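Here's the structure we're looking at; comments come further down.
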Amino acid sequence: MGTDSPDSVARARRGGGKRDRRGAAPKTQGGARQRARRSGPDPQEQPRPGVTRMFAAVVPGLAALVARDLRRLPGITVTQLGFDGRSDLVLFDVERGHRDALWSLRTVEDLFVEVGQAVRAGGDRPRWIAERLWRPERVEKALSVWSAEVRPLAGSMTFRVISRVLQEKSFLRTDLRRAITEAVAAGRPKWRFADPSQLEVWVSEYQPGRLVAGLRLSDASLRQHAGREVERSGALRPTVAAQMVLLAGQPDGVLLDPCCGSGTILSEAGATGWRQVMGGDIDPAAVEIARSNAPTADVRQHDVRHLDLPDAAVAAVVSNLPFGRQFDVEGSMSAWLTAALAEMARVTRPGGRVVLLAPDIPGHAIPARLRPHDRRELRLLGTRTTLWVFERLTDR
């Protein structure tokens, strides 16, 4: 039975968090091999006819939310979640005829077609693992999917291998990369290594002792979406912005980002069905950038603590709050948060949601009108932060 709870991802992430001096995660504890054998399906089990095994890489902390979105798609069965030290992974099966819907997901960083799985417990050696990950019959099926989604195969192709492991007690990740490279070259003698390459083979240890290999189907456009006309330091990842907009609920009314920065949330809101999108920022340069990146949004210069909007004017507030060394606020952060959240609660209609990204929001800064609904820890470019979801209560 697959493990796809948020707790399972958190456990894997904690196991792969700190790294030793060689850049590897800490050694797994005693019995990890036996636990790995029991924690997921048989890695050598063949998929049912008409089913393609795939996996997605997402921002650390978003796996459970992306899995929930995947389950809503017809023909998709989520099987496992994990963390490979850099990204959360969501493994899933796709019924024939349902693959196209995956490209509509705006919360996914990369998509892969699975080649194979292996466990360290059976033989903790690079060549042994490579033989089980790169089996000819599964390679052929994966290549047929790759050629349908990316480009037709040629007799001579360039390739490269990316490997990630959670611990390097038995071997280095570079040893595994070399073993996979040799296995690919043995089966495809006309293929040659290159960087960059036409085809990428990814191998990830997504749970302690469990590895998955796949061919990358996506390029940067999947995670960057349409891109931004103007870039700004500290801009939010589009996939995170998309997830925040989804958490705001069904598009019905006005969505407001009062600290809009480069306008990424505004752009995602417009792309996902919000017809009325408003934004603002205290920085006039940010306002101009947001107007360029989200031309259909109504963007104004304002102070989030003093919004020129009537009570209950918007259906949702979604914002990446200023934090870190790149951004300063007037006065103490605690006082600023208290005033900002009070104003966000005032302009949000009862039943609406306030979705925020911030490392910490102290309890005393949360107004009585906002009830905590969900909270997720994320890691963006190595920095830990938190995704907060509040529900606007009805005034008594």
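Can you tell me how many residues in the stretch 246-255 are farther than 24 Å from TRP336 by Cβ and either crowded, with 24+ Cβ neighbours inside 10 Å or in contact (Cβ under 8 Å) with a residue 24 or more places away in the chain (or both)?
Taking the stretch 246-255 as the starting set, the residues that turn out to be farther than 24 Å from TRP336 by Cβ are 246, 249-253.
From what's left, either crowded, with 24+ Cβ neighbours inside 10 Å or in contact (Cβ under 8 Å) with a residue 24 or more places away in the chain (or both): 246, 249, 251-253.
Of the residues in the stretch 246-255, 5 are farther than 24 Å from TRP336 by Cβ and either crowded, with 24+ Cβ neighbours inside 10 Å or in contact (Cβ under 8 Å) with a residue 24 or more places away in the chain (or both).
Take the residues of the stretch 176-221 that are among the acidic types (Asp, Glu) and surrounded by 18 or more Cβ atoms within 10 Å (Cβ to Cβ): which is farthest from the chain's Cα centre (by Cα)?
GLU200
Give the residue, chosen from ALA226, ALA290, that is outside the structural domain of ALA316 (by TED's automatic domain parsing), of a type in the set (A, V, I, L, M) and either out of contact with any Gly (no Cβ under 6 Å at 6 or more places or on another chain) or crowded, with 24+ Cβ neighbours inside 10 Å (or both).
ALA226
For the stretch 162-268, which strands (runs of 3 or more DSSP E) that fit wholly inside it have 2 or more residues that are of a type in the set (Gly, Ala, Ser)?
Of the strands (runs of 3 or more DSSP E) lying wholly inside the stretch 162-268, those with at least 2 residues that are of a type in the set (Gly, Ala, Ser) span 210-216.
Determine the pairs where a residue that is closer than 10 Å to ALA241 by Cα, located within the stretch 256-280, has a partner that is modelled with pLDDT of 95 or more and hydroxyl-bearing (Ser, Thr, Tyr) with Cβ atoms under 7 Å apart, the partner being 6 or more residues away or on another chain.
ILE265/SER319
Among the residues of the stretch 177-235, which ones are among the aromatic types (Phe, Trp, Tyr) and out of contact with any helix residue (DSSP H, G or I) (no Cβ under 9 Å at 6 or more places or on another chain)?
The answer is TRP202, and nothing else.
Filter the stretch 337-371 for residues that are in contact with a strand residue (DSSP E or B) (Cβ under 6 Å, 6 or more places away or on another chain), in a strand (DSSP E or B) and within 30 Å of GLY85 (Cβ to Cβ) and give the result.
Hits for the stretch 337-371 are VAL355, LEU356, LEU357.
Scan (1) buried (at least 22 other Cβ atoms within 10 Å of the Cβ); (2) within 28 Å of GLY227 (Cα to Cα) for the single condition ARG392 breaks and write down its number.
Unmet condition: (2).
Those residues that are in contact with a Pro (Cβ under 9 Å, 6 or more places away or on another chain) and either at pLDDT below 95 or small (Gly, Ala, Ser) (or both), I need them from the stretch 288-315; list them, please.
ALA312, ALA315 - these are the residues of the stretch 288-315 that are in contact with a Pro (Cβ under 9 Å, 6 or more places away or on another chain) and either at pLDDT below 95 or small (Gly, Ala, Ser) (or both).
Just to be sure I understand, how many residues within the stretch 98-121 are more than 14 Å from the chain's Cα centre (by Cα), buried (at least 21 other Cβ atoms within 10 Å of the Cβ) and over 17 Å from TRP202 (Cβ atoms)?
Matching residues across the stretch 98-121 total 2.
Does the stretch 357-369 contain any residue that is modelled with pLDDT of 95 or more, more than 21 Å from the chain's Cα centre (by Cα) and closer than 23 Å to PRO251 by Cα?
Scanning the stretch 357-369 turns up at least one residue that is modelled with pLDDT of 95 or more, more than 21 Å from the chain's Cα centre (by Cα) and closer than 23 Å to PRO251 by Cα.
Pairs only if they're at least six apart or on different chains, beta carbon under 9 angstrom, first in the stretch 129-148 and of a type in the set (Val, Ile, Thr), second surrounded by fewer than 17 Cβ atoms within 10 Å (Cβ to Cβ); list them, first residue then second.
These pairs meet every condition: ILE129/GLY122; ILE129/GLY123; VAL139/GLY187.
Does the stretch 149-161 contain at least one residue that is out of contact with any Phe, Trp or Tyr (no Cβ under 7 Å at 6 or more places or on another chain), of a type in the set (Lys, Arg) and either crowded, with 17+ Cβ neighbours inside 10 Å or at pLDDT below 95 (or both)?
Scanning the stretch 149-161, I find no residue that is out of contact with any Phe, Trp or Tyr (no Cβ under 7 Å at 6 or more places or on another chain), of a type in the set (Lys, Arg) and either crowded, with 17+ Cβ neighbours inside 10 Å or at pLDDT below 95 (or both), so the answer is no.
Looking only at the stretch 77-88, decide whether some residue is free of Cβ contacts under 8 Å to residues at least 60 places away in the same chain and basic (Lys, Arg).
Checked against the condition, which is being free of Cβ contacts under 8 Å to residues at least 60 places away in the same chain and basic (Lys, Arg), the stretch 77-88 yields no hits at all.
The values are calculated or read from the model by the stated rules, or taken from the named source; none is laboratory data. Predicted model, so just to flag it, every value in this text is computed and none were measured. FYI the Cβ positions are ideal-geometry reconstructions off the backbone, even for glycines, and counts take in every protein chain you see.
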